[in-house]
1. In segment 36-78, which residues are more than 27 Å from LEU180 (Cα to Cα) and touching a Cys at 6+ places or on another chain (Cβ under 6 Å)?
2. Here are ILE100, ILE133, ILE96: which of them is of a type in the set (A, V, I, L, M, F, W, C), buried (at least 18 other Cβ atoms within 10 Å of the Cβ) and in contact with a helix residue (DSSP H, G or I) (Cβ under 7 Å, 6 or more places away or on another chain)?
3. Does ASP161 satisfy the condition of being at pLDDT below 90 and surrounded by fewer than 13 Cβ atoms within 10 Å (Cβ to Cβ)?
4. Here is a check on your reading of the model: is LEU48 touching a strand residue (DSSP E or B) at 6+ places or on another chain (Cβ under 6 Å), buried (at least 18 other Cβ atoms within 10 Å of the Cβ), at pLDDT 90 or above and among the hydrophobic types (A, V, I, L, M, F, W, C)?
5. Check whether at least one residue in segment 203-223 is over 25 Å from VAL109 (Cα atoms), assigned to a helix (DSSP H, G or I) and touching a Leu at 6+ places or on another chain (Cβ under 8 Å), and report yes or no.
6. CYS104 is checked against (1) assigned to a helix (DSSP H, G or I); (2) within 28 Å of GLN230 (Cβ to Cβ) and fails just one. What number does that condition carry?
7. Collect the residues in segment 194-230 that are of a type in the set (Asp, Glu) and either touching a residue at least 12 places away in the same chain (Cβ under 8 Å) or under 26 Å from ILE85 (Cβ atoms) (or both), keeping them in residue-number order.
Amino acid sequence: MSVACTVVLPKIRISSQKSISPQIYDFLRKHITETTIVPGTTLSENALSEQFNVSRQPVREALMRLSYEGLLSILPQRGSVVERICIKELEYTSFIRGAIEKECVGNIVNLEEKVINNRLGQLKKILDQQRNIAHDDNLRANYLNLDDRFHQCLCSFSMSDMPWKTIQSIKGQMDRIRFLSLEGVSPVDGITDDHEEIYNYLKERDIENCQKAITTHLHQIINVHQTIVQKYKDWFTFDSLQAMSKRASQEDDSL
């Protein structure tokens, strides 16, 4: 059931030095993927423009961008509704993201040693930060920020910002699963271990095993979704719940 957009959000500080629409987009995307704004919530263009003290145009642009990413559905005369998570889309996203990241690290053979060492140094710095992250109330948000930085750095081996921008534009659903899974389902130490394995293969220039490690790592999100669905059923589409129920029934029949 949808709720009105009187959802209580933190204040946003709009910078006059930057375009307004991207700031609103970043703000809303963060609160959708970090589960402050739950699926089914209706976001009113008018209410948001009043809340942010801006015109409706930048709000409309931000909502359109979120709809392109599959995080919202824009309904005529009704506002924008935060979408539920679709498992099938999650699987497609994992496949596409893996293909992109593996191609990016494969480009290491075309890079100068100085560039490679620079990227490896960045990865190592992020790994150290992940190992030392504070296990406090901000753990999930802070860790996922470092997780993004790690994968963005992997994409930087392509020497282009297009791969990461492409991934960023399709992984909104995945980000919500990632955030939910860090609540006891996917301990951060295990994720960091995966990152370190990827880093070590890169450091050794073992691209084949590095790419295999990336595939295994990104598929973890698929492996944990069943536990997440059981805990947060209201967050998932009806088709996803049906598919999971059918899969569980087939597994029971095979025993």
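The values are calculated or read from the model by the stated rules, or taken from the named source; none is laboratory data. Since this is a predicted model, take the numbers as computed values, not measurements. Cβ sites come from the backbone with ideal geometry, for glycine too, and all protein chains shown count toward neighbours.
1. The answer is ALA47, and nothing else.
2. ILE100
3. Taking the combined requirement at face value, the residue does not satisfy it.
4. no
5. Yes.
6. Condition not satisfied by CYS104: (2).
7. Within segment 194-230, the subset of a type in the set (Asp, Glu) is 194, 196-197, 204, 206, 208.
Matches in segment 194-230: ASP194, GLU196, GLU197.
Residue-wise test of (1) surrounded by 19 or more Cβ atoms within 10 Å (Cβ to Cβ); (2) within 25 Å of TYR232 (Cα to Cα); (3) within 15 Å of the chain's Cα centre (by Cα).
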| site | (1), (2), (3) |
| --- | --- |
| SER16 | no, no, no |
| SER21 | no, no, no |
| ASP26 | no, yes, yes |
| LEU43 | yes, yes, no |
| LEU63 | yes, yes, no |
| TYR68 | no, yes, yes |
| GLN77 | no, no, no |
